[in-house]
Amino acid sequence: MDAPTTTAPPKQPTKSDIAVLQFAHGIELAMTALYAKASAAAGKDLKVVTDLFGAHHLAYAQSLAGLLGRSAATAQNASFYTAFVAAAASGSDAELAGTFLSLENSLVKTHLGVLGTITGTDGAQLVASIISVQGRHAAVLAGFAGKKALGDILDNAAEPLDTKTYPA
Amino acid sequence: MNSNNFDMSSPVNRRRFLLTGGFAIATTTLLAACGKGPQSPAGAFPRIGEVPPTTGLPTAAPTDEVLLRTATSLEFNAIDTYKKVLELGLFTGSAAGTAAVVNRFKADHEAHAKALSGVITEAKGETFECANEQINKLYINPALDLILGNKDAGIAASDTPLDDVMALALGLETLAAETYQFYVSLLSQPKLRAAAMGIGEQESRHAAVLAQAINPGIAGIGPSTNEKTGKPNPAAVPGPFGSLGTIAVALGKPNEAGNKTTLNMETPSLNSMAYEYAKCS
């Protein structure tokens, strides 16, 4: 294996980390708003889930804002929100859960991309702790979406979100 | 004379005798210990008896290679445990479907181990393709003893082996997920962090599926507390962020108070890593 580096990675986000984390922050803010829309449209049990997961995404946005300080995104990612708000606000519980299953899977892939890019360890630790739970979100939502096969719960074939498709 | 009939003004009384005698004994012992006798070679602390010579472990650092080797070893712990569990023949009747879940998880861990070995090989490192002995010794063997019983150790078998196997599996999957998350802070290269967490995220999904199997329905999704024991119930999503805390697994035959033995698991730290000098036996 490569000789171990003698320079410890930086703790704080670097300049190039900040742009990547800003994108993640804008997406998390949008997810919070999308879950709020879903909460109004969901049945009793799914509402419990959308409220809980929405609160988690708010916590992610707040933590990323804390990490980024004055460099934090000032608003949600509008193009991402616009692309999914209709699907997040209507449909049966299974359809709503299916929408959010797909979004959570995309966010897992997006954050894995973030993790593979940023060098600061503070940001890496935060993003890793988010990824771990978003995978759990997806597993729960798969059940509400009527997915019974293990592959539908455990496998993630989603594509990551990118700044070209969803500019901040 | 005082009330105890000892004359304190006398140059020799019992208290003074004891004080003087004690001091003399202590001084003699100290001088003997400091002496250059055959039992205290120059530069060594004095000691009584023979101490067998020890060989220290080589100096090693938790490099990226070591972290990935350790993660691989944990995958083999899971593979071996699931193999043993499947051989117990517990998954019959209403639990027959659980065998498919266990088989899928075992296959996932095999794929993870292969992927990690691939990353290590690609970086010209040496793979480590066996279970972590320290994890076996600290967690898995004691857990299996509590479930299956161990006559030699005086441990009775569990009354609810299937429930305990599920609890152990949840503990192991959570341990694996936490390990990858923890190692993100130790790995030096971003691409390795992403590769590790890509696997860690799958372990988290395993844990969520198991938590729902143990504590099904809407009540088992978020965090909750068992009213009887005051301990947290298994939850598919126990909190907003991935925890790095101790994982408590309750297993075995309940004691007189009705409590099972709690096994506390923690992510492999410096004393449990698969350093470069460690070999699979």
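Every number here is computed from the coordinates shown, using simple stated rules; none is lab data. This structure is a prediction, so every number in the text was calculated from the model and none was measured. Cβ sites come from the backbone with ideal geometry, for glycine too, and all protein chains shown count toward neighbours.
Here are a few things to note about the model shown:
- Which numbered condition B:L251 fails, given (1) touching a residue at least 40 places away in the same chain (Cβ under 8 Å); (2) among the hydrophobic types (A, V, I, L, M, F, W, C); (3) crowded, with 20+ Cβ neighbours inside 10 Å; (4) more than 22 Å from B:I155 (Cβ to Cβ): (4)
- Scanning the range A:143-155 for residues that are of a type in the set (A, V, I, L, M) and at the interface with chain B (Cβ under 9 Å from one of its Cβ atoms) returns A:L150, A:I153, A:L154.
- Failed item in (1) surrounded by fewer than 18 Cβ atoms within 10 Å (Cβ to Cβ); (2) touching a Ser or Thr at 6+ places or on another chain (Cβ under 6 Å); (3) in contact (Cβ under 8 Å) with a residue 60 or more places away in the chain, with A:P160 passing the rest: (3)
- The residue of the range A:37-49 that is surrounded by the fewest Cβ atoms within 10 Å (Cβ to Cβ), among those that are away from chain B (no Cβ under 11 Å) and in a helix (DSSP H, G or I), is A:A40.
- Number of the condition not met by B:R205 [criteria: (1) within 8 Å of chain A (Cβ to nearest Cβ); (2) touching a residue at least 24 places away in the same chain (Cβ under 8 Å); (3) under 25 Å from B:L67 (Cβ atoms)]: (2)
- Residues that are surrounded by 24 or more Cβ atoms within 10 Å (Cβ to Cβ) and outside any loop (DSSP other than H, G, I, E, B) were ranked within the range B:210-238; the one that is farthest from the other protein chains (Cβ to nearest Cβ) is B:L210.
- Residue-level check: of (1) under 17 Å from the mean Cα position of the chain (by Cα); (2) of a type in the set (G, A, S); (3) more than 7 Å from every other protein chain (Cβ to nearest Cβ); (4) surrounded by fewer than 24 Cβ atoms within 10 Å (Cβ to Cβ), A:A97 misses just (4).
- The range B:144-194, residues that are within 13 Å of another protein chain (Cβ to nearest Cβ), part of a helix (DSSP H, G or I) and not aliphatic (A, V, I, L, M): B:E173, B:T174, B:E178, B:T179, B:Y180, B:Q181, B:F182, B:Y183, B:P190, B:K191, B:R193
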